[in-house]
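Q: If you scroll down you'll find the structure; I have some questions about it.
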Amino acid sequence: MTLFKDLSLLYTRPGFLLRRAHQISAAVFEDECRSVGLTPAQFGVLTVLRASPGLDQSSLARALGFDKVTVLRVLRGLEERRLLKRSPAPDSRRNLAVQLTEHGEVLLKESQKPAERAYERLMGPLSPEQQLQLVALLQQMTEGLEEHARASFVPADRP
């Protein structure tokens, strides 16, 4: 077992850099979206529900790669703000269907420009070619390691 006497070994590890990039990404997003009061997770939920109205909670969790506890926590917060509503799913009494309220639709629309500014800030240090490469590499990494994820990821547009 190699001990990390030289911290550059730690600071160049993908896990360390991915965690740090995630921290920065969330901070940039929350800074840009402060006016609309959305976190990245909340924005993701609203965006998926806009594309797939009435999606059940389990499918919503999978569409974002969230575990059940995380999706429930985010849904409760959004429901308290009257941005979405949950009702029994037509095909299952044990699951709830989720859809945006009118207020949720309006807030999601208002959040588009701040979310785009956050994306531009986050990707700003990279050239356009590097941006494409980064996204492609992250997609390749996540797809290649999907079997190790704690929560499964199934895009909402796939059965």
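The values are calculated or read from the model by the stated rules, or taken from the named source; none is laboratory data. If you're wondering where the values come from, they're calculated on a predicted model, not measured in any experiment. Quick reminder, even Gly has a Cβ in these numbers, built from the backbone with ideal geometry, and neighbours come from all protein chains shown.
Q: Restricting to the stretch 66-88, and then to whatever is more than 15 Å from SER111 (Cα to Cα) and crowded, with 18+ Cβ neighbours inside 10 Å, can you tell me which residue is nearest to the chain's Cα centre (by Cα)?
A: PHE66
Q: Output the number of the condition that ILE24 fails; it satisfies all remaining conditions of (1) surrounded by 13 or more Cβ atoms within 10 Å (Cβ to Cβ); (2) of a type in the set (A, V, I, L, M); (3) under 15 Å from the mean Cα position of the chain (by Cα); (4) not in a loop (DSSP other than H, G, I, E, B).
A: (1)
Q: May I pose another question? Using the structure shown, decide if SER59 is surrounded by fewer than 12 Cβ atoms within 10 Å (Cβ to Cβ) and in contact (Cβ under 8 Å) with a residue 40 or more places away in the chain.
A: Values: surrounded by fewer than 12 Cβ atoms within 10 Å (Cβ to Cβ): no; in contact (Cβ under 8 Å) with a residue 40 or more places away in the chain: yes.
So SER59 fails the test.
Q: Moving on. So, in the stretch 21-43, how many residues would count as being in contact with a Leu (Cβ under 7 Å, 6 or more places away or on another chain) and either of a type in the set (Phe, Trp, Tyr) or more than 17 Å from GLU80 (Cα to Cα) (or both)? Reasoning before the result, please.
A: Filtering the stretch 21-43 for residues in contact with a Leu (Cβ under 7 Å, 6 or more places away or on another chain) gives 25, 28, 36, 42.
Narrowing further to those that are either of a type in the set (Phe, Trp, Tyr) or more than 17 Å from GLU80 (Cα to Cα) (or both): 25, 28.
Looking only at that region, the number is 2.
Q: While we're on this one: Looking at ARG73, ARG13, ARG86, ARG82, which is the one that is at positive phi and without any contact (Cβ under 8 Å) to a residue 60 or more places away in the chain? First the steps, then the outcome.
A: Values: ARG73 fails: at positive phi; ARG13 fails: at positive phi; ARG86 fails: at positive phi.
Result: ARG82 is the single residue among ARG73, ARG13, ARG86, ARG82 that is at positive phi and without any contact (Cβ under 8 Å) to a residue 60 or more places away in the chain.
Q: What's the total number of residues in the stretch 93-137 that are of a type in the set (A, V, I, L, M), in a helix (DSSP H, G or I) and farther than 24 Å from LEU49 by Cα? Explain how you work it out, then say what you get.
A: Just the residues of the stretch 93-137 that are of a type in the set (A, V, I, L, M), to begin with: 96-98, 100, 106-108, 115, 118, 122-123, 126, 132, 134-137.
Going one step further and asking which of them are in a helix (DSSP H, G or I), we end up with 106-108, 115, 118, 122-123, 132, 134-137.
Now restrict to residues that are farther than 24 Å from LEU49 by Cα: 122-123, 132, 134, 136-137.
Counting residues in the stretch 93-137 that are of a type in the set (A, V, I, L, M), in a helix (DSSP H, G or I) and farther than 24 Å from LEU49 by Cα gives 6.
Q: Condition first: polar (S, T, N, Q), at pLDDT below 95 and within 27 Å of VAL135 (Cβ to Cβ). Can you find one or more residues in the stretch 4-19 that meet it?
A: First, the residues of the stretch 4-19 that are polar (S, T, N, Q): 8, 12.
Next cut, at pLDDT below 95 only: 8, 12.
Within this subset, residues satisfying the condition of being within 27 Å of VAL135 (Cβ to Cβ) are 8, 12.
So far as the stretch 4-19 goes, yes, one or more of its residues are polar (S, T, N, Q), at pLDDT below 95 and within 27 Å of VAL135 (Cβ to Cβ).
Q: In this structure, is GLY37 crowded, with 17+ Cβ neighbours inside 10 Å and more than 18 Å from LEU122 (Cβ to Cβ)?
A: Taking the combined requirement at face value, the residue does not satisfy it.
Q: Name the residues in the stretch 63-92 that are in a loop (DSSP other than H, G, I, E, B) and among the hydrophobic types (A, V, I, L, M, F, W, C), would you? Write out each step before concluding.
A: Within the stretch 63-92, the subset in a loop (DSSP other than H, G, I, E, B) is 65-67, 81-83, 90-91.
Once the filter is applied, which keeps residues that are in a loop (DSSP other than H, G, I, E, B) and among the hydrophobic types (A, V, I, L, M, F, W, C), the stretch 63-92 yields PHE66, LEU83.
Q: Could we say that GLU105 is modelled with pLDDT of 95 or more, under 26 Å from LEU75 (Cβ atoms) and either surrounded by 15 or more Cβ atoms within 10 Å (Cβ to Cβ) or among the hydrophobic types (A, V, I, L, M, F, W, C) (or both) here? Spell out the reasoning first.
A: Details: modelled with pLDDT of 95 or more: yes; under 26 Å from LEU75 (Cβ atoms): yes; either surrounded by 15 or more Cβ atoms within 10 Å (Cβ to Cβ) or among the hydrophobic types (A, V, I, L, M, F, W, C) (or both): yes.
Yes: the conditions hold for GLU105.
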